[in-house]
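Visitor: Structure in structure tokens, see below.
Derivation of every value follows stated rules applied to the coordinates shown; laboratory data play no part. This is a predicted model, so every value here is computed, not measured. Neighbour counts run over all protein chains shown; Cβ positions are idealised from the backbone, glycine included.
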Amino acid sequence: MKVIKITAVWCGTCLIMNKTWNKVLKEKNIETISLDYDMDEEEVQKYEPGKKLPVFIFEKDNKEIKRVVGEHSYEEMLEIVGELENE
């Protein structure tokens, strides 16, 4: 499983979720590709993220299997990762 994480430096929710995601990564070994909404604009647009950030796009075999948008708790993110690992 791989995660494309789209955030922006001006996004307060993104800062919170960066900390949350880093906690998840201490427990789970997940390849994460981080993209900045403004700095990586051309690459970001390939994923059609919309206007609400952050966006976490979970992929398996290079296909999107789940998209998580906005702020979520550490527990919620762990639960999502756990469910996707068991699919």
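Visitor: How large is the dipole of the chain about the Cα centre if only Lys and Arg carry +1 and Asp and Glu carry -1, each at its Cβ, rounded to the nearest 20 debye?
Guide: On the way: 13 positive and 19 negative charges, 34 e Å.
With only Lys, Arg, Asp and Glu charged at Cβ, the dipole is about 160 debye.
Visitor: Any idea what angle helix 12-27 forms with the longest principal axis of the chain, computed on alpha-carbon atoms, 0 to 90 degrees, nearest 10?
Guide: Helix 12-27 sits roughly 30 degrees off the main axis of the chain.
Visitor: Shifting gears a bit: Summing Lys, Arg as +1 and Asp, Glu as -1, what charge do residues with Cβ under 13 Å from the Cβ of residue 25 carry, residue 25 excluded?
Guide: Values: positive: 2, 5, 19, 23, 26, 28; negative: 27, 31.
Around residue 25, the charge tally is +4.
Visitor: What do you get for the angle between helix 74-85 and the principal long axis of the chain? Use alpha-carbon atoms, 0 to 90 degrees, nearest ten.
Guide: 70 degrees
Visitor: Net charge within 12 Å of residue 40 by Cβ-Cβ distance, Lys/Arg positive one each and Asp/Glu negative one each, not counting residue 40 itself? Before the final figure, lay out the partial values.
Guide: Working: positive: 5, 46; negative: 36, 38, 41, 42, 43.
Computed value for this residue: -3.
Visitor: Given a Förster radius of 22 Å and the C-beta distance between residue 1 and residue 52 as r, what FRET efficiency does 1/(1 + (r/R0)^6) yield to the nearest 0.05?
Guide: 0.45
Visitor: Which entry in [x] 14.8; [y] 13.0; [z] 12.6 is this structure's computed Kirkwood radius over Cα pairs in Å?
Guide: Label of the calculated value: [y].
Visitor: Please give the contour-minus-distance gain from residue 60 to residue 41: 0.36 nm per residue of separation, less the Cα-Cα distance, rounded to one decimal in nm. Walk me through the numbers before you get to the answer.
Guide: Working: separation 19, 0.36 × 19 = 6.84 nm, distance 2.32 nm.
Gain in length upon complete extension: 4.5 nm.
Visitor: Let me ask another. Which residues among the range 45-81 fall inside the zone where the amide N is under 16 Å from a point 7 Å beyond the Cα of residue 15, along Cα→Cβ?
Guide: 53-54, 71
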